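Colleague: Below: one structure in structure tokens.
The values are calculated or read from the model by the stated rules, or taken from the named source; none is laboratory data. Quick caveat: nothing in here was measured; it's all calculated off a predicted structure. Glycine also receives a Cβ, built like all others from the backbone with ideal geometry; neighbour counts cover every protein chain displayed.
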Amino acid sequence: MLGIRVLRGAPPAAPAAPPKSHRCSAATASSPQLAIPAAVSLSLLLWSSPVNAGILSGSTGLESVPPPVMPRLEFLDKWNAENQRKYAENDSRFKSSKVLKELLERSKQNKEKNERQIQDKYCLRGAEWGVGDCSTVGMSDQEREDFIAELRKRTEGQ
């Protein structure tokens, strides 16, 4: 057995089996087979110099090099300027059109209407539950029923 030592004066209880390989024993840890690789690894770790990347180690990269100057073609410049002018003209015409103004106004009205509907819906829910700004706490039963009926009419009518 690995961790048990037998006293020399005591007779052995049974014949001892031959010793197995001691993987966890202290004698193996100090063997030269493990000490040499550990020493080499430690020396490389402590005394290694930084590695140079080679020829391109100081290069800033291809992105920093400006591209060559391309020749300017007059007909392409004229065509581009004409297209930009057309686009600007069409944009200004669209922005001042009656259709766009009507759509923006209708969108604004729908937004206000939808906000009112949502507020009324939550007010009705709060009145039914007795919580929030539309709470019916403190009202008589008749006042509460009238208030909730009015809120239902407003939410269903829209």
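Colleague: Residue by residue through the stretch 80-112, note down the ones that are assigned to a helix (DSSP H, G or I), among the polar types (S, T, N, Q) and more than 30 Å from Gly157 (Cβ to Cβ).
Modeller: Hits for the stretch 80-112 are Asn80, Asn83, Gln84, Asn90, Ser92.
Colleague: Please go through the stretch 127-142 and give me each residue that is surrounded by 11 or more Cβ atoms within 10 Å (Cβ to Cβ) and out of contact with any helix residue (DSSP H, G or I) (no Cβ under 8 Å at 6 or more places or on another chain), ordered by number.
Modeller: Once the filter is applied, which keeps residues that are surrounded by 11 or more Cβ atoms within 10 Å (Cβ to Cβ) and out of contact with any helix residue (DSSP H, G or I) (no Cβ under 8 Å at 6 or more places or on another chain), the stretch 127-142 yields Trp129, Gly130, Val131.
Colleague: Given Glu145, Glu115, which one is surrounded by 11 or more Cβ atoms within 10 Å (Cβ to Cβ), assigned to a helix (DSSP H, G or I), at pLDDT 90 or above and not aliphatic (A, V, I, L, M)?
Modeller: Glu145
Colleague: When both residues are 6+ apart or on different chains and their Cβ atoms are under 9 Å apart, which pairs have a first residue that lies in the stretch 136-158 and is touching a residue at least 40 places away in the same chain (Cβ under 8 Å), and a second that is part of a helix (DSSP H, G or I) and surrounded by 15 or more Cβ atoms within 10 Å (Cβ to Cβ)?
Modeller: As it stands, the answer is Gln158/Asp120, since those pairs meet every condition given.
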